[in-house]
Amino acid sequence: MEIDKEMNILVVDDSMLIRSVAKKILKNLGFPNVTLADDGSTALEKLNEQTFNLVIADMNMPEISGIELLKKMREKEETRQIPFLLVTAEESQDEIMTAIRAGVNNYMQKPWNVKTLMAKIERIYQFEEEKRNRPKI
Amino acid sequence: MTDFFVDDPFPDEENKFDHIPIESRRLLARKYLDTSEKLLLSLVNPEDKVGLIERLDQIRQLAEDQDASLFLSEEEEAVQVIISELRKTELFHDQPEHELSVLATQLQEMFPPVGEPFFQPFEDKNGVYIIDGKTVICGMDCFTLRDSQLEEDEIPKCVAGDEIDRISVGLTAKSRIFYIKGDSFVDLISLLPSCAQSIIQCVMGELRETMDFLRKERVSTMEQLRLTRDMLENMGIGLLCINQAGEIGQFYNALVEDYLDRKSLAGVPFADMIFGKDRDALRNYYRALQMLFSGNLFDPEMIISMLPNEVTINERIIKLDYFFVQDRQGHVQSLFVRLEDLTSERFIAKKEEQEKRIIDAMHANIGGYFQMLEDIEAALGQAQSFFDRFSSGQAKGEEENVAGLMRSLHSAKGLCGQYELEQLKSEIHKTESFVQNVLNEEIDVDAFKQMLKSFKKEFQYAVSIKDSLGKEIIRILQGINYSQDEFDQLFNAVNAEEHDTVRLLVQEKTMVSAERIVDNWSKDISSLADNLEKKIDFQADIPDDLKINKNLAHRLNVEMGHLYRNSVDHGIEFPAERKKAGKHETGIISIKVWEESKILKLVIRDDGGGLDNSRIILAAKENPALDQQEVEKLISSQEIWKILFLKGFSSRKSVTQISGRGVGLDSVKETLDEIGGTIRMTSETGKGSTFSVNIPINTN
């Protein structure tokens, strides 16, 4: 299964350190087109300006949390289908459950790890393909 | 009446049918007319109907006149063509003629565009198809599990709707396809009892075949599952299956009963067995399980990552892995759990780490290791013969022998410490206690016997580590510089297991002069003294032929430094004080080193003011880090100097610029404890203090 390495990725995190680390990691994995946003509102603005193929957002952010961003995205037609990877601080099942029901594609625990990140991205796309290949009734 | 038709009876879209053979075009046209007629008649007003019918008759006449005979015969021909096609099929080949002709008129001949599927998605898939002479029955629930990568000449008798697409793409280039819609087919059953019966039989046959196939598949799948389960059991891995409610299924292996400590697990809730009363864990678990089985929208792999990977049951560490089985639509059918006991794996990992440390220590001083083995063997022998005499009633009262045995044991214990042989050290310690108690009380002979056994076992372990090196010993020894001759000598000695010789040959290379103990001391003492504005000289009395292990020399060089620093700091007085006391302005710190009966002796002396007991006691009492009971004990036993060596004594009081970070005499004691050494301090007020250190060593 081929993942388009040129795809547009939006990374949302209120920590500047995390944002730069994320961009670097993604670049090393072969994804050059990474846009950064420092909070939910900025993220929504950027989503209006351009089409993204993947959103990676931190769960804990001030004002608009990662899950709230997800919900807003799922409400709108244009952003409903965009794959969303939530980055969680520690295993809080309550919040992850909420995210799953709100339509998150997958989640990843901090800290950012090269191998884990690649595995999660691959899994997101693999699952989408599995869904497409289900025989039609 | 409005003119609905143009003169040309054929519709404007004629060019759409260019690729259709001419004889069938007419058939189509006729059908089109019939259908249009019905439609038109239903639309027009009754008073317009008659005129319309007349007009249509005219058109029909026109169509027929144009090529009447040809038309009719072509239509008949078309039917005949279809009948002959039907006869080619297994299903219809011996059906009555009249039934076939009715069937033929009902069948639609299809002319799909070349290379494309011959119907629209989601439409009209149910029905009977006759493709190039073979009959294909297609229905929603009839399916075949055969590979759908079909060869061109291989068409199954019964297919699922989506497989029709695949077949049709390959066939439409050159195939004739007749099709009867599913609904019409149902009507036909009454009209064509014989044909219908064949078709039904065919379908039933297919179903039967399919059911058999499925049954066999299931049997073989269950068989595989059973094999997997048993194989896992042999590997020490438990396997069980849980359903949506979290209950354990029938299918599990015996190891699971062992791990969960319970028999008859079918129907038992799995979570309750592993989480016990932990409500949060239970809640999370059941919630994840519910989501897992709730449909095919969420990624099961993601949900499974929320389930616990490790639990502790009955003090065993069990690893949990999860596998799910889903149907073709992505609905999870069941969840398998793999259980693996990690306890011994972790235990082994710890043991391996310890073994590595032992080997590293051995590498650092292999000659010493050999010597240690000899010494412990001797001590073990002594203990054994002591036990023999004891159990036969002879030993009591032989205090001298006990003292000798105790010394051997103590010394052996110290050596163990150097090589990280913790268990052996503890066995020796137990033996020491035992032997000590022998003089005081009755000892259980059996217990003594057992203990000696454990002692022996640990000793053999220490030997086995050495043996396990095998040829590796040569490699370690090669790390030391040998000439060819020296090396040959060594190699032969190792092979012949002549431990003495090996030890000698190795120690020659790993031993250094004992003078190395005082490397740099003189300079250090000078500079420390200058900082404090004291005048201090340093003297060393060490025989130049005394050799000790390089590492030990280094260690002592570092650790014994605390002793002279103590003297510089607290021992030697300031020049003015000394003068007043009638002493030489320059104080002396001296060290004498020698070896006696395999004990390395160091005596470090200063001619300072000696210990001020009252100051020591005061400092001790004020120091919250000290165990005051200990302090009291030492005061009452007149061993005030020992207070200096108590853990925590120096950590607050003597943090001076000179003594540094508060590391002091207690650290010296710790170091010596590790290597089996001892330290004593004596002091004479006004005259000076003396440290006497004993360390068991290997000698050459």
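Under the criterion of Cα pairs below 8 Å and six or more residues apart, the relative contact order for segment B:235-351 equals 27 percent. Spin-label pair A:Asn113-B:Arg316: with each label point 7 Å from Cα along the Cα-Cβ axis, the two points sit 2.8 nm from one another.
For the peptides B:676-684, B:322-330, B:585-593, the ranking by packing is B:585-593, B:676-684, B:322-330, with the highest mean count of neighbouring Cβ atoms within 10 Å listed first.
The GluC sites (Glu not before Pro) of segment A:27-70 meeting both criteria, a DSSP state outside H, G, I, E and B (loop) and at most 14 other C-beta atoms within 10 angstrom of the site's C-beta, are A:Glu63. Each of B:Cys195, B:Cys416 was scored by other Cβ atoms within 10 Å of its Cβ. Arranged with the fewest first, they read B:Cys195, B:Cys416.
Our summary gives segment B:502-587 a relative contact order of 37 percent, counting only alpha carbon pairs under 8 angstrom and 6 or more residues apart. At an R0 of 35 angstrom, the distance between the Cβ atoms of B:Ala364 and B:Ala403 translates into a FRET efficiency of 0.65.
Label-to-label distance for B:Gln80 and B:Phe487 is 10.4 nm, based on points extended 7 Å past Cα in the beta-carbon direction. Within 10 Å of the Cβ of each residue in B:281-291, the mean number of Cβ atoms contributed by other protein chains is 2. Other residues whose C-beta falls under 11 angstrom from the C-beta of B:Leu260 contribute a net charge of -1, scoring Lys and Arg +1 and Asp and Glu -1. With a 10 Å cut-off around each Cβ of A:129-135, the average count of Cβ atoms from other chains is 4.
Counting Lys and Arg as +1 and Asp and Glu as -1 over every other residue whose Cβ lies under 12 Å from the Cβ of B:Gln384, the net charge comes to +2. Each of B:Met222, B:Met362 was scored by other Cβ atoms within 10 Å of its Cβ. Arranged with the fewest first, they read B:Met222, B:Met362.
Extension gain for the segment B:Val603 to B:Asp272, taken as residue separation times 0.36 nm less the Cα-Cα distance, is 112.5 nm to one decimal.
Rounded, prolate or oblate, given the Cα gyration tensor of chain A, with a/c below 1.5 counting as rounded? Rounded shape, in that the Cα axes give a/c under 1.5. Rounded to the nearest 0.05, the FRET efficiency derived from the C-beta distance between B:Glu301 and B:Ser692 at R0 = 60 Å is 0.30.
Which of rounded, prolate, oblate describes segment B:503-557, given a ≥ b ≥ c as roots of the alpha-carbon gyration tensor eigenvalues and a/c under 1.5 marking rounded, otherwise prolate only if a/b is larger than b/c? Here segment B:503-557 falls in the prolate category. Under 12 Å from a label point 7 Å along Cα→Cβ of B:Arg283: give me every residue in segment A:54-94 with its amide N that close. The answer is A:93-94. Within the shell of other residues whose beta carbon sits under 12 angstrom from the beta carbon of B:Ile548, the net charge comes to +3, with Lys and Arg scored +1 and Asp and Glu -1.
Here each label is just a point 7 Å from Cα along the line to Cβ, and for A:Asp94 and B:Arg87 those points are 8.1 nm apart. Each of A:Val21, A:Phe52, A:Asn33 was placed along the dipole of segment A:1-100 (beta-carbon charges, centred on the mean Cα), and the one lying farthest toward the positive end is A:Asn33. For segment B:214-301, the list of trypsin sites (Lys or Arg not before Pro) that fall in a loop by DSSP and count at most 14 other C-beta atoms within 10 angstrom reads B:Arg262, B:Lys263, B:Lys277. State which entries of B:Lys351/B:Lys647; B:Lys413/B:Lys601; A:Lys120/B:Lys319; A:Lys76/A:Lys115 exceed 20 angstrom in Cα-Cα distance in the structure shown. In this structure, B:Lys351/B:Lys647; A:Lys120/B:Lys319; A:Lys76/A:Lys115 lie more than 20 Å apart at Cα.
Neighbouring Cβ atoms from other chains, within 10 Å of the Cβ of residues in B:298-305, number 6 on average. Rounded to the nearest 20 debye, the dipole size of segment B:515-596 about its Cα centre is 200 debye, using +1 on the Cβ of Lys and Arg and -1 on the Cβ of Asp and Glu. Pairwise inverse Cα distances across segment B:514-620, averaged and inverted, put the Kirkwood hydrodynamic radius at 14.9 Å.
Which shape class, rounded, prolate or oblate, goes with segment B:302-432 when its Cα gyration tensor gives a ≥ b ≥ c as root eigenvalues, a/c under 1.5 marks rounded, and past that a/b bigger than b/c marks prolate? The shape class here is prolate.
Computed from the coordinates by the stated procedures, all read-outs in this text should not be read as laboratory data. All values derive from a computational prediction rather than experimental measurement. Positions of Cβ are backbone-derived with ideal geometry, glycine not excepted, and every protein chain shown enters the neighbour counts.
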